[in-house]
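Everything on this sheet refers to the single structure shown next.
The values are calculated or read from the model by the stated rules, or taken from the named source; none is laboratory data. This one's a predicted model, so the numbers in the text were calculated from it and none came from an experiment. Here the Cβ positions follow ideal geometry from the backbone for every residue, glycine too, while neighbour counts run over all protein chains shown. We work out accessible area using only protein heavy atoms, side chains counted, and drop any ligands, DNA or RNA first. Shrake-Rupley method; radii C 1.70, N 1.55, O 1.52, S 1.80 Å.
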Amino acid sequence: MEISAQNVWLMLSSAMVLFMTPGLGLFYGGMTRAKAALNMIMMSFISAGIVGVVWVLWGYSMTTGDGFLGLFGNPFAHFGLQDLMGSPDLIKATFAATFAIITVALISGAIADRAKFGAWALFVPIWVTVVYCPLAYMIWGGGLMSAGGALTDIFGQVIDFAGGAVVEVSSGTAAFVLALIVGKRHGFAKDPNHRPHNVPFIMIGAAILWFGWFGFNGGAATTAAQAGLIWINTLVAPAAAMLSWLVTEKIRHGHPTSLGAASGVVAGLVAITPSCANISPLAAVCLGLVAGAACCVFVDLKYKFGFDDSLDVVGVHFGAGVIGTLSLGFIALPQDGVGGGLLYGGGPQQLIAQIVAVVVTILLSGLGTLVIGRAIHKTIGFRVTLDHEVAGVDLTQHAETAYEFGLTAHGHFRQQQAHLSSLIKRKPEAAPAEGVAAPAAKEDSFA
């Protein structure tokens, strides 16, 4: 068998990026309450299953080749990938599929604890088709913001090596819109049990994400020199972001936490994604420091503005994605002595191109998610009932629980199980007679 080292590396990178999705499931699963952990993990797994099939049928076709007005590729150009059989292009198609999988899976964290699994399973293929594929085509596949594209001719060539706009800003924008559509959790900002139930899961998930991100950023490297730059930047940016997050957390809240360390790592990884091949290691350190501190502040804005981004997808992925994408306007290295960011004397052209990419991404993802989310919410409903939310989406959506303590168990969990059973079987109370005040609603909450 003859196979090039570059193809071997691309295959390995594909496996690493795919491994990030179950890692994300663990990361998100640990951040939820115990009664929603399995549901959170399943939302990542089902994303892999659905997008994998969509990608073979029409997804890959929509991200490459001849397109429609530079917006998306012909969905039938490589339908079923039949024409790619016998070609190494199948390796590239697989690598691209793993990006689509992780992108839509990221969105799920914003609606943790309260979304119908069936509604999510419907949302995934539509969003990938309507939002992700066109955006990937515009920036990477020969569309409006690719080399020779209409927007590129006007505003300049955007730099998005591994998906700052395509992956991070798009998923963060969608997470914000979907969180508004689905609404706040029962007891949001009031219930003390709305906190991570398993911090070791979070740390393991973050470690898997960091490991996989070396393939995420480095899979498309074309030379050893470029790969080396990508790898050191993928190491140092999240390292710096973790440190700055912990320092900021210590100053603001008095304690550096494990959750903060894991979140800082993810913020740094997100920030370095668009620029990993285009900035120096020193600039990567500075970018990580800024992203970690900024995102530590951003995640608290949901309480100030009153939107329930359950697992901080907006604060981390949108926030760090925008920071990383726009930073290239300042710190991008010149290519062959030409261009570069403002700090290298490249002028404002690169910053303008990056701003345009962010704006287009927000508009496409925001409007697309709004239409898809509202349509699902108005038809089959995106949110579980209050009783099911209180009982826990693991039990009500999957008939499973993450933790089984056995028949001899005692204490809070046994009491909770009994209460959950009574909630599910509870019959609606009769409406009060005319002129009689209805009893005040009670807020039930369990970790």
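If you roll a 1.4 angstrom probe over the protein chains with everything in place, what fraction of the accessible area of the stretch 60-124 belongs to carbon and sulfur, to the nearest %? Walk me through the numbers before you get to the answer.
Details: 1640 of 2440 Å².
Of all accessible area on the stretch 60-124, carbon and sulfur atoms account for 67 percent.
Which Cα, out of S365, G30, F155, lies furthest along the positive dipole direction of the chain (beta carbon charges, K/R +1, D/E -1)?
Of the candidates, G30 comes out farthest on the positive side.
DSSP loop chymotrypsin sites (Phe, Trp or Tyr not before Pro) in the stretch 152-260 with at most 16 other Cβ atoms within 10 Å of their Cβ, which ones?
On the way: sites: F155, F161, F176, F188, F201, W210, F211, W213, F214, F216, W231, W245; in loops: F161, F188.
Those that pass, being in a loop and sparsely packed, number zero.
Of the options G345, M138, F318, report the single residue whose Cα projects farthest towards the positive end of the charge dipole of the chain (beta-carbon charges: Lys, Arg +1; Asp, Glu -1).
F318
Considering only protein heavy atoms, what per residue accessible area in square angstrom results for the chain with a 1.4 angstrom probe? Please list the in-between numbers first.
Working: 19080 Å² over 447 residues.
That works out to 43 Å² for each residue.
Probe radius 1.4 Å, ligands and nucleic acids ignored: give me the carbon and sulfur share of the accessible area of the stretch 327-390 as a rounded percent. Mind dumping the intermediate values first?
Working: 2210 of 3130 Å².
Reported share for carbon and sulfur atoms: 70 percent.
Once you mark the GluC sites (Glu not before Pro) that are in a DSSP loop and have at most 15 other Cβ atoms within 10 Å, what is the longest gap between them in the chain? Mind showing how you got there, number by number?
Numbers: sites that count: E2, E400, E404, E429, E434, E443.
The reported range is 3-399.
If each residue of separation counts as 0.36 nm, what is the full-extension length gain between S280 and L71 once their alpha-carbon separation is subtracted? List each step's numbers first, then the result.
Working: separation 209, 0.36 × 209 = 75.24 nm, distance 3.25 nm.
Length gained, S280 through L71: 72.0 nm.
If you roll a 1.4 angstrom probe over the protein chains with everything in place, what fraction of the accessible area of the stretch 195-245 belongs to carbon and sulfur, to the nearest %? Mind dumping the intermediate values first?
Numbers: 1670 of 2030 Å².
C and S atoms contribute 82 percent here.
Using the crude model of +1 on Lys and Arg Cβ and -1 on Asp and Glu Cβ, and no other charge, please compute the dipole size for the stretch 150-210 relative to its Cα centre, in debye to 20. Intermediate results must be reported in sequence, preceding the final value.
Numbers: 4 positive and 4 negative charges, 101 e Å.
The dipole magnitude comes to about 480 debye.
Using Cα atoms only, what is the angle between the long axis of helix 199-218 and the major principal axis of the chain, expressed in degrees (0 to 90) to the nearest 10?
So the helix axis and the longest Cα principal axis differ by about 20 degrees.
Using a Gaussian network for the chain with springs between C-alpha atoms less than 10 Å apart, which of these wobbles most: F318, F76, F45?
Among F318, F76, F45, the largest mean-square fluctuation in the Gaussian network model of the chain belongs to F76.
Please list the non-local residues whose amide H lies under 5 Å from the amide H of A115, H modeled 1.01 Å from N, same-chain partners needing a gap of 5 or more.
V384
Any aspartates and glutamates with Cα under 17 Å of the K116 Cα? List them, leaving off those in the same chain fewer than 8 positions away.
D308, D309, D387, E389, D394, E400
Note down the Stokes-Einstein diffusion coefficient of the chain in µm²/s, whole number, using a Kirkwood radius over alpha carbon pairs, 4 °C, and 1.567 mPa s. Write down the numbers at each step before the final one.
Numbers: Rh = 22.7 Å.
The diffusion coefficient I find is 57 µm²/s.
In percent, how large is the relative contact order of the chain, given Cα pairs closer than 8 Å and 6 or more residues apart? Walk me through the numbers on the way to the answer.
Values: 836 pairs, mean separation 96.4, N = 447.
Once divided by the residue count of the chain, the mean separation gives 22 percent.
Assign unit charges at the C-beta atoms only (+1 for Lys and Arg, -1 for Asp and Glu), then state the dipole size of the chain relative to its Cα centre in Debye, rounded to the nearest 20. If you can, show how the numbers build up before the last one.
On the way: 21 positive and 24 negative charges, 220 e Å.
It works out to roughly 1060 debye.
Give the angle, between 0 and 90 degrees and rounded to the nearest 10, that separates the Cα long axis of helix 412-425 from the longest principal axis of the Cα atoms of the chain.
80 degrees
Do the alpha carbons of any pairs in K35/K378; K92/K378; K35/K302; K92/K302; K250/K304 sit beyond 31 Å of each other, and which pairs? Don't skip to the answer; put the middle values down first.
Values: K35/K378 26 Å; K92/K378 38 Å; K35/K302 23 Å; K92/K302 38 Å; K250/K304 20 Å.
Violating the 31 Å limit, Cα to Cα: K92/K378; K92/K302.
Between Y303 and R374, what FRET efficiency follows from the Cβ-Cβ distance if R0 is 22 Å, with the result rounded to 0.05? Each step should come with its number before you reach the end.
Details: r = 25 Å, r/R0 = 1.14.
So, using R0 = 22 Å, E works out to roughly 0.30.
Roughly how many Å is it from the Cα centre of the stretch 145-196 to that of the stretch 36-52, as a whole number?
Their Cα centres are 19 Å away from one another.
Rounded, prolate or oblate: which one fits the stretch 1-69, using the alpha carbon gyration tensor with axes a ≥ b ≥ c (rounded when a/c is under 1.5, else prolate when a/b beats b/c, else oblate)?
Values: a/c = 3.29, a/b = 1.56, b/c = 2.11.
Verdict is oblate for the stretch 1-69.
Among G215, P200, G172, whose Cα projects farthest towards the positive end of the dipole of the stretch 110-248, with charges put on the beta-carbon of Lys, Arg (+1) and Asp, Glu (-1)?
P200
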